[in-house]
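For reference, the structure discussed in these notes is given below.
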Amino acid sequence: MATREEIIAELQRVNQRIDALTPKILARPDAPLPEGIWTVHDAVCHLAADGNAVPRFLARIERIDAGLPLRPEGWTPAMMDAQNEDNIARRKSLPITDVLKEIRDAMDADIERVEGLDEALWSREIPNFRGVVTPASDQLKNTTSGHPHTHIDDIEKALA
């Protein structure tokens with residue numbers, strides 16, 4: 001079970017990794033990722049759009065508590081892909097330095113939110129999107145930093 005301190009440390013590590021990669025990102029934003037069709041710039045835009053993950057996670061908890069499905073009725077993976085592409089398109093014309101700042105600010109905001117979360121949430125067991133029941137704290141860690149680290153790994157590989 002992930003602790004509050006571990007989650008905060010991982011959020012800080014996301015920002016550290018982004019800071020370390022910033023010169024390379026600025027030098028080669030159009031470098032293709034090792035898999036898929038995204039570029040480094042696309043991945044940076046996606047990271048910014050996926051920031052502020054704690055409120056989304058808490059909305060999932062509310063859906064669970066209300067007995068609602070985790071995904072809205074009629075949801076499909078294609079809808080998520082379209083939302084990702086829309087989020088990227090909205091940021092692609094911005095200066096990449098602004099998008100990188102958005103990532104950092106989102107991680108900092110999530111650190112504050114994690115610090116203030118109710119202790120009862122940490123030990124709670126909830127289903128993930130695949131229906132597997134695991135500790136809420138582990139899912140929160142994945143949502144806030146695990147997912148970003150995966151994309152940062154791809155960015156690192158693209159810029160190596």
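The values are calculated or read from the model by the stated rules, or taken from the named source; none is laboratory data. What you see is a predicted model, and the numbers here were worked out from it, not measured in a lab. Backbone-built Cβ (ideal geometry, glycine too); neighbour counts: all protein chains shown. To get the accessible areas, we keep the full protein, side chains included, count just its heavy atoms, and leave off ligands, DNA and RNA. Shrake-Rupley method; radii C 1.70, N 1.55, O 1.52, S 1.80 Å.
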Lone qualifier among Arg28, Arg60, Arg71 - being among the basic types (Lys, Arg), surrounded by 12 or more Cβ atoms within 10 Å (Cβ to Cβ) and modelled with pLDDT of 95 or more: Arg28
Quick one: in the range 1-15, of everything that is over 13 Å from the mean Cα position of the chain (by Cα) and aliphatic (A, V, I, L, M), which residue is least open to solvent (accessible area, probe 1.4 Å)? Ala2
Quick check on the range 87-101: of everything there that is open to solvent by less than 80 Å² (accessible area, probe 1.4 Å) and not β-branched (Val, Ile, Thr), which residue is nearest to His46 (Cα to Cα)? Asn87
Assuming Ala59 fulfils every condition listed in (1) under 23 Å from Glu5 (Cα atoms); (2) in contact with a strand residue (DSSP E or B) (Cβ under 9 Å, 6 or more places away or on another chain) apart from one, which condition is it? (2)
Would the range 113-134 turn up any residue that is at pLDDT 90 or above, open to solvent by 70 Å² or more (accessible area, probe 1.4 Å) and within 25 Å of Arg17 (Cβ to Cβ)? yes
Across (1) assigned to a loop (DSSP other than H, G, I, E, B); (2) touching a residue at least 12 places away in the same chain (Cβ under 8 Å), Asp30 clears everything bar (2)
For Gly51, are the conditions met, namely being within 25 Å of Arg113 (Cα to Cα) and not in a helix (DSSP H, G or I)? yes
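Let's see how each residue does on (1) touching a residue at least 40 places away in the same chain (Cβ under 8 Å); (2) farther than 21 Å from Arg13 by Cβ:
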{"site": "Glu112", "(1), (2)": "no, no"}
{"site": "Ala120", "(1), (2)": "no, yes"}
{"site": "Phe129", "(1), (2)": "yes, yes"}
{"site": "Val132", "(1), (2)": "no, yes"}
{"site": "Pro135", "(1), (2)": "yes, no"}
Looking at the range 80-94, is at least one residue closer than 30 Å to Thr22 by Cα, outside any helix (DSSP H, G or I), at pLDDT 95 or above and of a type in the set (Val, Ile, Thr)? no
What's the number of the only condition in (1) more than 14 Å from Asn15 (Cα to Cα); (2) touching a Lys or Arg at 6+ places or on another chain (Cβ under 9 Å); (3) in a helix (DSSP H, G or I) that Pro69 fails to meet? (3)
It is to be established whether one or more residues within the range 114-134 are under 12 Å from the mean Cα position of the chain (by Cα) and of a type in the set (D, E, K, R). no
If I ask for residues that are open to solvent by less than 70 Å² (accessible area, probe 1.4 Å) and among the acidic types (Asp, Glu), which ones from the range 102-112 would you list? Glu102, Asp110
